[in-house]
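The values are calculated or read from the model by the stated rules, or taken from the named source; none is laboratory data. From a predicted model like this one, the values you see are computed outputs, not experimental measurements. Backbone-built Cβ (ideal geometry, glycine too); neighbour counts: all protein chains shown.
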C-alpha cells in the first residue's frame with residue numbers, strides 16, 4: 001500500500017475511534033474516556049465503566065454501531081481549538097485519566113492543548129482526521145472487546161478496550177472480515193492444540209513452551225536443516241550455558257539498561273549474582289576471546305541454537321509469538337570492516353534461501369534507526385552510528401528486497417534490519433533481527449592482528465534468519481494452516497486398513513516406510529474407512545495409504561493425499577521413491 005493511502009486510512013480509523021467514543025458516551029454517559037488511536041487494520045478506544053454494574057460486551061455492538069451511524073450524519077468536519085490546562089480539565093470532570101494526559105501534554109500548564117470537535121462530540125487530540133466525516137465514515141465494524149491496563153501498567157486500573165476496523169469501501173471491509181475469519185481458523189494456538197504440537201502449563205509457568213512429540217518433530221526438522229545449511233555456508237557451531245554471572249551483562253551494557261526484561265538474579269553461595277541469559281551474544285564474544293585472533297581467521301562465523309529467557313509482562317504473552325523462553329537460530333560473525341558489507345549481503349541471501357525453500361514469497365526489510373530526540377537511550381558516538389547505518393544501507397542496496405525505515409526502534413547499541421515476512425493470509429510477522437555492530441567489540445575488548453601487525457577491533461554481525469523456534473513455528477502453523485510441507489509434517493503417512501483382516505499387512509507397510517525414514521502410523525481403530533480418512537485429514541497427515549484385500553494380494557497401496565485427491569493403487573516401492581524425493585527436495589505441496 002502506498003504511504004499516502006496508509007496515512008489516509010490511519011486518519012479514517014482515528015476519526016472512527018472518535019465516533020465510537022461519541023456513541024459510547026451517549027449510551028453510557030457515566031463512562032470515562034481515555035485514549036483511542038488508529039492501529040494496524042483498525043482502531044480501539046479504552047473506557048472506564050466503573051460507574052456501571054458491568055461493561056458493554058460484543059452483544060452490545062449492534063446498538064453501538066447503530067448509534068455511530070446516527071451520530072455521524074451531523075459530522076460535517078473536525079474543528080480544531082486550543083484550550084488552557086484548566087479549560088481542558090473542565091471538559092472531563094472527574095476523569096483522572098484525561099487529567100493525567102492533560103498534565104503531561106501541556107507540560108504542567110506551559111502549553112495549550114488541541115481539541116477536535118465534530119457534531120456534539122469534542123475530545124483531546126493531536127489531530128490527523130478525515131475530511132467530510134459524514135460522507136466517509138460509513139464502512140466500519142466493531143470487532144471485539146478486551147481488558148487493558150491503563151497505559152500498559154499492570155499496577156494501574158483495568159479498562160475496557162473496544163476494537164474496530166474501518167475502510168473506504170464495503171468491498172474492502174468485506175475482504176478484511178473474510179481474512180479475519182480465515183485467520184481465526186489458522187490461529188496457531190487453536191491449531192497447535194488440535195494437532196498436539198505444543199502446550200503451555202500454568203504449573204510450569206506462563207510463556208514457557210512445552211513441545212509435544214509432534215511439535216518437537218517440526219522443531220528438530222527445522223534445526224537439523226539449518227545446521228546442515230549453515231555448515232555449507234561456513235558457520236561453526238558452538239554451545240553456551242543458559243545462565244551467566246551478572247558481570248558479563250554489565251560489560252555488554254544490558255545491565256542495568258535491560259534488566260526490567262530479564263528474570264531476577266539468582267544469588268548463589270559463591271557471592272555472585274547469576275542471570276538466565278536473555279541473549280547469546282556476550283557468550284559468543286567469550287569464545288572469540290578464547291585465543292589471539294588473526295585477520296586470516298576472519299570472517300569467523302559462530303552459530304548456535306541458543307535458549308534465552310526474557311521476562312515479558314503477562315499482558316504481552318501470546319501463544320508462541322510472545323514467550324518468556326525461546327531458542328534462537330542465532331549467530332555472530334566477526335569480520336573486518338572491509339568484509340562487513342559482503343558478509344551482511346550473504347546473511348540476507350541466507351534468509352532468502354530459507355524463505356524460498358519454505359514457500360515464503362512475500363517479505364520486506366525494516367531498517368530501524370535511532371531517534372535523535374532520544375539520545376539518552378543509545379550507547380556509542382555519532383560517528384559509530386553513522387558508519388553502521390552506512391554499511392547496512394550499502395548491503396541492503398545489493399539485494400532486491402523492499403525496505404522501509406523506522407525511527408526510534410534501533411537497538412541501544414546500533415541500527416538494525418528486521419525481516420518482516422507475510423503469511424499466506426496477509427499477516428505480517430517480524431521474524432529476524434540483523435545488525436552490523438561497531439559497539440560491542442570495543443566493550444568486550446575483542447581484537448585481531450591485521451596484515452600490518454596492528455591490533456584492530458572486529459565488526460560483529462548479529463543474525464538469526466529463522467528467528468526463534470517458537471515464533472517461526474507459530475508463523476508456519478498459520479501460514480500453512482497446519483498442513484505443513486511433507487518434510488515438516490509430523491505424521492507423513494497414515495496407513496488405513498479397510499478391515500482388521502489387513503492389519504498385519506498395514507503394519508508391514510508401515511515398517512517398510514519407517515525403514516525408509518518416512519514417518520508413518522497405522523490406524524488400528526474399528527471405525528469405517530471413511531471415518532479413518534476423515535480423522536487423518538483432521539490431523540493434516542500428508543498422505544493416506546489405503547490397504548484392502550486387493551492391495552494385500554497384489555502387494556500394493558492406494559494413495560490418497562490430504563487434498564482429497566486419489567492416485568490409485570501402486571507398488572509400495574514406487575510410493576516410497578516418490579515421497580523420499582519430495583522429502584529430500586523439501587517440496588512445497
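Observations on the model:
- Filter result (within 17 Å of residue 236 (Cβ to Cβ), touching a strand residue (DSSP E or B) at 6+ places or on another chain (Cβ under 8 Å) and either touching a residue at least 60 places away in the same chain (Cβ under 8 Å) or surrounded by fewer than 12 Cβ atoms within 10 Å (Cβ to Cβ) (or both)) within the stretch 252-298: 281, 285, 288, 293, 294, 297, 298
- Within the stretch 203-248, the residues that satisfy the criterion of being closer than 18 Å to residue 188 by Cβ and either part of a loop (DSSP other than H, G, I, E, B) or at pLDDT below 95 (or both) are 206, 207, 208, 212.
- A single member of 460, 473, 417, 431 is more than 11 Å from residue 367 (Cβ to Cβ), in contact with a helix residue (DSSP H, G or I) (Cβ under 7 Å, 6 or more places away or on another chain), at pLDDT below 95 and in the same structural domain as residue 302 (by TED's automatic domain parsing), and it is 431.
- Residue count for the stretch 70-86, restricted to those that are surrounded by fewer than 17 Cβ atoms within 10 Å (Cβ to Cβ), without any contact (Cβ under 8 Å) to a residue 60 or more places away in the chain and touching a strand residue (DSSP E or B) at 6+ places or on another chain (Cβ under 9 Å): 7
- The set of residues from the stretch 284-310 being touching a helix residue (DSSP H, G or I) at 6+ places or on another chain (Cβ under 6 Å) and outside any strand (DSSP E or B) comprises 299, 310.
- When the criteria are applied in full, residue 341 fails the requirement of being part of a helix (DSSP H, G or I), under 24 Å from the mean Cα position of the chain (by Cα), more than 24 Å from residue 474 (Cβ to Cβ) and not assigned by TED's automatic domain parsing to the domain that holds residue 155.
- Scan of the stretch 353-369 for residues that are surrounded by 14 or more Cβ atoms within 10 Å (Cβ to Cβ), over 15 Å from residue 475 (Cβ atoms) and touching a helix residue (DSSP H, G or I) at 6+ places or on another chain (Cβ under 9 Å), ordered by number: 365, 367, 369
- Flag if residue 111 is in the same structural domain as residue 85 (by TED's automatic domain parsing), in a loop (DSSP other than H, G, I, E, B) and either touching a residue at least 40 places away in the same chain (Cβ under 8 Å) or in contact with a strand residue (DSSP E or B) (Cβ under 8 Å, 6 or more places away or on another chain) (or both): no
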